[in-house]
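Read through the structure below, which is laid out as structure tokens, and then see the notes.
Each reported figure results from applying straightforward, stated rules to the coordinates on display, with no laboratory input. Bear in mind that the values here come from a model prediction, so they are computed numbers and not experimental data. Using ideal geometry, Cβ is built from the backbone for each residue, glycine included, and neighbour counts are taken over all protein chains shown.
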Amino acid sequence: MKTGNRATSPAVVALGAELRAARLQAHFGLRELANRAGLSPGHLTNWEAGYRTPPPDMLSFLLGLLKLPQAEYTRLRDLAASTHSTMHAVHLRAGSTLMLHAYEQAATTIAEWSPTFLPSHLQTRAYTWEMLEHTTPPGGSPESRLFELSAEPAPAKHGVATRKSIVSRRSLRNPVISRETSIVQHEQLLRTLAREPQAIRLLAAEQEDLPGFTIYTTSGQSPTVALRHSHTTVYLTSEEAVADYVEKLAHLAGEALSSAETEAFLADGLRDLRAR
């Protein structure tokens, strides 16, 4: 993403991620597609990384080379037209994780608030499965939900300096999760704290009116807020919106248990679970 004192538009990041995915789906190498389009590989790299947006005529030419279906062609053209917006909504569907992965890769710091379920990077497979079984809409299946959530494999993270999660203690007492899974989950969280003492802090107070959100900060630019709803993530870059969520996270951090207190609470909870 482009460096400077402004955040890159979420739509620019989304368009770049979609272009890269379409290129890989069409089995084009970066240099091969650049040569076909009469571009330097650097231009295509900048577009795919979300540094810049291709001109409309070049975007149409690239989409034609990739032989996208008409519906996808129209969708990406519409996405390119919205690149000046400071807000972008991504609805849950196969491939909807592309933008999330783009921010995960670019971020140097990641801070998040999780009020109900644990953040995905702190979950075990069993925890995820039981959560999906509970939240799958009628007529759906956990298998299809799992496909939607993991259709795009997460790339290996690099360059992330810090990642801190503030988690509601309610998520540890989730009635959806079985005792056996809860034991495994507590063990996983304690291992994470042993590796990264500042990674997790628990919050006892309820914040039911505050949905889960993540703040991604990339070196040299303003943060982006990913505001999470049940089936949608809204990405925000406006200065007012970002400042509001930075302030909210600071307030949550001020009320949360310390890392040592969090570890002690998890250890006590694990002993209680094992004793049942």
**Request:** Rounded to the nearest 0.05, what FRET efficiency do ARG75 and LEU30 give with R0 = 35 Å and r taken as the Cβ-Cβ distance? Could you check?
**Result:** 0.95
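If you filter region 208-275 for GluC sites (Glu not before Pro), then keep DSSP loop positions with at most 10 other Cβ within 10 Å, what is left? Present the calculation step by step, with values, prior to reporting the outcome.
Values: sites: GLU208, GLU239, GLU240, GLU247, GLU255, GLU261, GLU263; in loops: GLU208.
Taking region 208-275 and a limit of 10 other Cβ atoms within 10 Å, the loop GluC sites (Glu not before Pro) found are GLU208.
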**Cβ-Cβ FRET estimate between ASP244 and GLN123, R0 fixed at 35 Å, reported to 0.05** = 0.80
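Estimate the FRET efficiency between GLU255 and THR192 by the formula 1/(1 + (r/R0)^6), using the beta-carbon distance for r and 22 Å for R0, to the nearest 0.05.
Numbers: r = 21 Å, r/R0 = 0.96.
The computed FRET efficiency comes out at 0.55.
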